[in-house]
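Trainee: Take a look at the following structure, please.
The values are calculated or read from the model by the stated rules, or taken from the named source; none is laboratory data. The model shown is predicted, which means the values in this text are computed figures rather than measured ones. So basically every Cβ, Gly included, is an ideal-geometry build from the backbone, and we count neighbours across all protein chains shown. The accessibility values were calculated without ligands, DNA or RNA, using every heavy atom of the protein model including side chains. Shrake-Rupley method; radii C 1.70, N 1.55, O 1.52, S 1.80 Å.
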Amino acid sequence: MDKLVIEGGLPLNGSVPISGAKNAALPILIATLLAPGEHVIDNVPGLVDVSSTLSLMGRIGCPSLLSGSRVRLDTTRVAFCEAPYDVVRKMRASVLVLGPLLARCGEARVSLPGGCAIGMRPVDQHLKGLEALGCTFNLENGYINGRVDHLVGADIHLDVPTVTGTENILMAAVLAEGITRIHNAAREPEIVDLARFLRSMGARVTGEGTDVIEVDGVPALRPSRIPHRILPDRIEAGTYLVAGAITGGRLTIEGAPVEELNAVLAVLEQAGCSISVTGDAITVERNGPLQSVNVSTEPHPGFPTDMQAQWMALMAVANGVSVVEECIFENRFMHVPELNRLGARVVTDGRCATITGVSDLVGATVMATDLRASASLVLAGLVASGQTQMLRLYHLDRGYDRLVEKLQGVGARVVRVADDVTVEVGSLTQDEEAKRAVS
Ligand code: EPZ
């Protein structure tokens, strides 16, 4: 297993290219099941979750080829309508095969996703929506077994605006007879990108990005003749914006989904950062000490829960006291004890965390617990004095494409090494100075 070693304290300067969005790539790669044939998807990020999705598609009978950020997927044949336990336990998003397999094959067997580090994460709304379209389910031996003879459109009222729930129902509804309306639908940009992709295959979808999505079902879909380009990752972009703010550098995020970042940009400005936008490039820089700003996580377009941990890292070194309220997941503060190991002062009480800003964080060994928690530890390590080692790097690999390379590209002293390798404290700095000496 690998770890990350960071020597903090340097401002990051320069520009970072943003990759395709993980949370759009996963449903779009799976949605290819709806249209038998060859598909070409571009701007696919190099992530462990993407490889897991492609291997799941392979097990279903759909081979793929990944070259650079282009994926070729052949869904002509579906051999197995199943997402097995060993795949789903590693990546909950595998549950997204439920809707497409039921629509394509009339049956699906999917391991019931268990809880995860950030919460119980039930799928009752997925099943509720698919049942409204005519599917029947039984839960047996930890598996959801679904069947449907004929999908028929319906009005579906979600109790919560679930992202993957909306996506699962949407992907089944496009092949249902008649009209489906999903009320209280999630409005995330990744759902808008999925709807765009479904339309490119011949689906009739309107209202994506609003809380009512309407689908007029069609008998069949066909692969799009034009490769679909996955939208840029707003959470990756937000993470690098915080990296620029926390290190006090001048960082430009290139190829960013600007309009999808309003909530994040607004609080960065309140915290004392200046933000300038040129086309799809966003530049962040600080005009003085960071100010504490409270946030509450909300469904899109509110402040994203996937930026909560990163925001907490920033508030750990801001002037004053701030409160971060996590309103989406019941257990998304696993990063708090690790940030406190770096000298942060964070106390939690239920869904609220109170952060008393400190002037300095000090490097230590910390443990990643989930994807976004690991991002917050990297950000804290970039500003902490001395050396920070982050263990369980595999969490980060699930959602950040070429993070070490991108950070080194803007001056960060960070390396990826095997767990048992010792990196002499200060050696990354010496390397830096040596490089500077020769250049
Ligand atoms: C998606 O997860 C994202 N994952 C998550 O990103 C993200 O945190 C989340 O949406 C919220 O924005 C992908 O898109 C692959 P939800 P999802 O269903 O769809 C409750 C990351 O870091 N709920 O919108 O699983 C649920 O418990 C990941 O990239 C039900 O009660 O989240 C939660 O409290 C982490 N019943 C709330 O809704 C259901 O059937 C929102 O969850 C479904 C959800």
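Trainee: Just checking, which of 350, 302 is free of Cβ contacts under 8 Å to residues at least 12 places away in the same chain, farther than 24 Å from residue 12 by Cα, within 15 Å of the ligand (Cβ to nearest atom) and surrounded by fewer than 24 Cβ atoms within 10 Å (Cβ to Cβ)?
Mentor: On the way: 302 fails: free of Cβ contacts under 8 Å to residues at least 12 places away in the same chain.
Going through 350, 302 in turn, the sole match is 350.
Trainee: Give the number of residues within segment 133-162 that are over 20 Å from residue 300 (Cβ atoms) and either away from the ligand (no atom under 16 Å from the Cβ) or open to solvent by 50 Å² or more (accessible area, probe 1.4 Å) (or both). Break it down stepwise before answering.
Mentor: So in segment 133-162, the residues over 20 Å from residue 300 (Cβ atoms) come out as 133-155.
Retained after the next criterion (residues that are either away from the ligand (no atom under 16 Å from the Cβ) or open to solvent by 50 Å² or more (accessible area, probe 1.4 Å) (or both)): 134, 136, 138-143, 145, 147-155.
The total comes to 18.
Trainee: Just one of the numbered conditions (1) closer than 17 Å to residue 237 by Cβ; (2) surrounded by fewer than 18 Cβ atoms within 10 Å (Cβ to Cβ); (3) touching a residue at least 24 places away in the same chain (Cβ under 8 Å) is not true of residue 269; which one?
Mentor: Result: residue 269 fails condition (3) only.
Trainee: For residue 46, all conditions in the list (1) of a type in the set (Gly, Ala, Ser); (2) open to solvent by 10 Å² or more (accessible area, probe 1.4 Å); (3) in contact (Cβ under 8 Å) with a residue 60 or more places away in the chain; (4) within 13 Å of the ligand (Cβ to nearest atom) hold save one; what is the number of the exception?
Mentor: Unmet for residue 46, out of (1) of a type in the set (Gly, Ala, Ser); (2) open to solvent by 10 Å² or more (accessible area, probe 1.4 Å); (3) in contact (Cβ under 8 Å) with a residue 60 or more places away in the chain; (4) within 13 Å of the ligand (Cβ to nearest atom): (4).
Trainee: Which ones in segment 395-439 are modelled with pLDDT under 95 and of a type in the set (D, E, K, R)?
Mentor: Across segment 395-439, the qualifying residues are 419, 420, 424, 431, 432, 433, 435, 436.
Trainee: Continuing with the same structure: Would you confirm, using the coordinates I've provided, whether residue 175 is in contact (Cβ under 8 Å) with a residue 12 or more places away in the chain and part of a helix (DSSP H, G or I)? Steps first, answer last, please.
Mentor: Numbers: in contact (Cβ under 8 Å) with a residue 12 or more places away in the chain: yes; part of a helix (DSSP H, G or I): no.
No.
Trainee: Among the residues of segment 63-79, what is the count of those that are out of contact with any strand residue (DSSP E or B) (no Cβ under 6 Å at 6 or more places or on another chain) and surrounded by 14 or more Cβ atoms within 10 Å (Cβ to Cβ)?
Mentor: Residues of segment 63-79 out of contact with any strand residue (DSSP E or B) (no Cβ under 6 Å at 6 or more places or on another chain): 66-69, 75-79.
When the remaining residues are screened for being surrounded by 14 or more Cβ atoms within 10 Å (Cβ to Cβ), the result is 66, 69, 75, 78.
Selection size over segment 63-79: 4.
Trainee: Does segment 389-433 hold any residues that are within 25 Å of residue 233 (Cβ to Cβ) and either among the polar types (S, T, N, Q) or in a loop (DSSP other than H, G, I, E, B) (or both), and which are they?
Mentor: Looking only at segment 389-433, we keep the residues that are within 25 Å of residue 233 (Cβ to Cβ), and these are 390-416.
Once the filter is applied, which keeps residues that are within 25 Å of residue 233 (Cβ to Cβ) and either among the polar types (S, T, N, Q) or in a loop (DSSP other than H, G, I, E, B) (or both), segment 389-433 yields 392, 393, 398, 399, 400, 401, 402, 408, 409, 410, 411, 412.
Trainee: Right, here's the next one. Can you tell me which residue among 128, 90 is within 16 Å of the ligand (Cβ to nearest atom), of a type in the set (D, E, K, R) and over 19 Å from the mean Cα position of the chain (by Cα)? So that I can check it myself, show each step before the final result.
Mentor: Values: 90 fails: over 19 Å from the mean Cα position of the chain (by Cα).
Matching residue, one of 128, 90: 128.
Trainee: Go through segment 373-388 and give me each residue that's open to solvent by less than 10 Å² (accessible area, probe 1.4 Å) and either within 12 Å of the ligand (Cβ to nearest atom) or part of a helix (DSSP H, G or I) (or both).
Mentor: Of everything in segment 373-388, those that are open to solvent by less than 10 Å² (accessible area, probe 1.4 Å) and either within 12 Å of the ligand (Cβ to nearest atom) or part of a helix (DSSP H, G or I) (or both) turn out to be 373, 374, 375, 376, 377, 378, 379, 380, 381, 382.
Trainee: Taking segment 93-125 as the search range and keeping residues that are at positive phi and open to solvent by less than 20 Å² (accessible area, probe 1.4 Å), which one is farthest from the chain's Cα centre (by Cα)? So that I can check it myself, show each step before the final result.
Mentor: Filtering segment 93-125 for residues at positive phi gives 106, 119, 121.
Retained after the next criterion (residues that are open to solvent by less than 20 Å² (accessible area, probe 1.4 Å)): 106, 119.
Numbers: 106: 30, 119: 16 Å.
Taking the candidates together, the pick is 106.
Trainee: Here's another thing I want to ask about it. In contact (Cβ under 8 Å) with a residue 40 or more places away in the chain and within 16 Å of the ligand (Cβ to nearest atom) - does that describe any residue in segment 55-67? Give the derivation first.
Mentor: Here is the first cut: in segment 55-67, the ones in contact (Cβ under 8 Å) with a residue 40 or more places away in the chain are 56, 60.
Then keep just the ones that are within 16 Å of the ligand (Cβ to nearest atom); that gives 56.
Yes; the residues of segment 55-67 include at least one that is in contact (Cβ under 8 Å) with a residue 40 or more places away in the chain and within 16 Å of the ligand (Cβ to nearest atom).
Trainee: Restricting to segment 178-200, name every residue that is within 16 Å of the ligand (Cβ to nearest atom), crowded, with 24+ Cβ neighbours inside 10 Å and in a strand (DSSP E or B).
Mentor: Scanning segment 178-200 gives a single hit, 182.
Trainee: Could I ask something else about it? Answer with yes or no whether residue 130 is open to solvent by 10 Å² or more (accessible area, probe 1.4 Å) and among the hydrophobic types (A, V, I, L, M, F, W, C). Lay out the reasoning, then the answer.
Mentor: On the way: open to solvent by 10 Å² or more (accessible area, probe 1.4 Å): no; among the hydrophobic types (A, V, I, L, M, F, W, C): yes.
Answer is no for this residue.
Trainee: In segment 213-263, what residues are β-branched (Val, Ile, Thr), farther than 20 Å from residue 100 by Cα and part of a loop (DSSP other than H, G, I, E, B)? Spell out the reasoning first.
Mentor: The first filter runs over segment 213-263 and keeps only residues β-branched (Val, Ile, Thr), leaving 213, 215, 218, 226, 230, 235, 239, 242, 246-247, 252-253, 258.
From what's left, farther than 20 Å from residue 100 by Cα: 226, 235, 239, 242, 246-247, 252-253, 258.
Once the filter is applied, which keeps residues that are β-branched (Val, Ile, Thr), farther than 20 Å from residue 100 by Cα and part of a loop (DSSP other than H, G, I, E, B), segment 213-263 yields only 226.
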